[in-house]
1. Do we find a residue being within 30 Å of residue 130 (Cβ to Cβ), without any contact (Cβ under 8 Å) to a residue 12 or more places away in the chain and either in the same structural domain as residue 130 (by TED's automatic domain parsing) or more than 20 Å from the chain's Cα centre (by Cα) (or both) anywhere in the stretch 66-76?
2. If only one of 13, 17, 24 is closer than 26 Å to residue 63 by Cβ, loosely packed, with under 10 Cβ neighbours inside 10 Å and not assigned by TED's automatic domain parsing to the domain that holds residue 63, which one is it?
3. Looking only at the stretch 88-130, which residues are over 17 Å from the mean Cα position of the chain (by Cα) and either in a loop (DSSP other than H, G, I, E, B) or in contact (Cβ under 8 Å) with a residue 60 or more places away in the chain (or both)?
4. Count, please, the residues in the stretch 38-61 that happen to be assigned to a helix (DSSP H, G or I) and over 13 Å from the mean Cα position of the chain (by Cα).
5. Quick check on the stretch 27-52: of everything there that is touching a helix residue (DSSP H, G or I) at 6+ places or on another chain (Cβ under 8 Å) and under 26 Å from residue 66 (Cα atoms), which residue is surrounded by the most Cβ atoms within 10 Å (Cβ to Cβ)?
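The values are calculated or read from the model by the stated rules, or taken from the named source; none is laboratory data. This structure is a prediction, so every number in the text was calculated from the model and none was measured. Please note: Cβ atoms are built from the backbone with ideal geometry, for glycine as well, and neighbour counts cover all protein chains shown.
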């Protein structure tokens with residue numbers, strides 16, 4: 001079995017390789033647990049600005065099991081909505097659990113937006129009206 005000697009990488013100054021290795025670790029790893037429980041790291045993280053985009057899982061962590069769990073979660077939420085409605089209540093809107101967002105998704109959205117803009121301009125509307 002082959003292994004990686006991180007001490008050799010450190011001595012050799014292979015910083016990019018080390019950072020790539022660390023970045024490839026799963027979100028649920030001991031390193032990330034140590035980082036969020038370190039007082040100095042927590043202070044730095046707390047001062048960081050909130051991201052502009054909504055969180056979504058990484059593609060590498062969104063396998064078939066996670067996809068199926070997401071579908072089960074949505075089904076359970078819908079059952080709750082149906083129960084509330086059947087009892088005469090007004091169910092609130094369900095916010096779906098996010099899926100990974102990739103450049104392919106953004107490219108498809110851009111193409112759909114271009115098509116919609118060209119479609120509405122045929123009827124005399126402005127693209128800003130969408």
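1. So far as the stretch 66-76 goes, no, none of its residues is within 30 Å of residue 130 (Cβ to Cβ), without any contact (Cβ under 8 Å) to a residue 12 or more places away in the chain and either in the same structural domain as residue 130 (by TED's automatic domain parsing) or more than 20 Å from the chain's Cα centre (by Cα) (or both).
2. Residue meeting the stated conditions: 24.
3. 88, 89, 90, 91, 92, 93, 94, 123, 124, 125, 126, 130
4. Number of matching residues: 9.
5. Within the stretch 27-52, the match that is surrounded by the most Cβ atoms within 10 Å (Cβ to Cβ) is 35.
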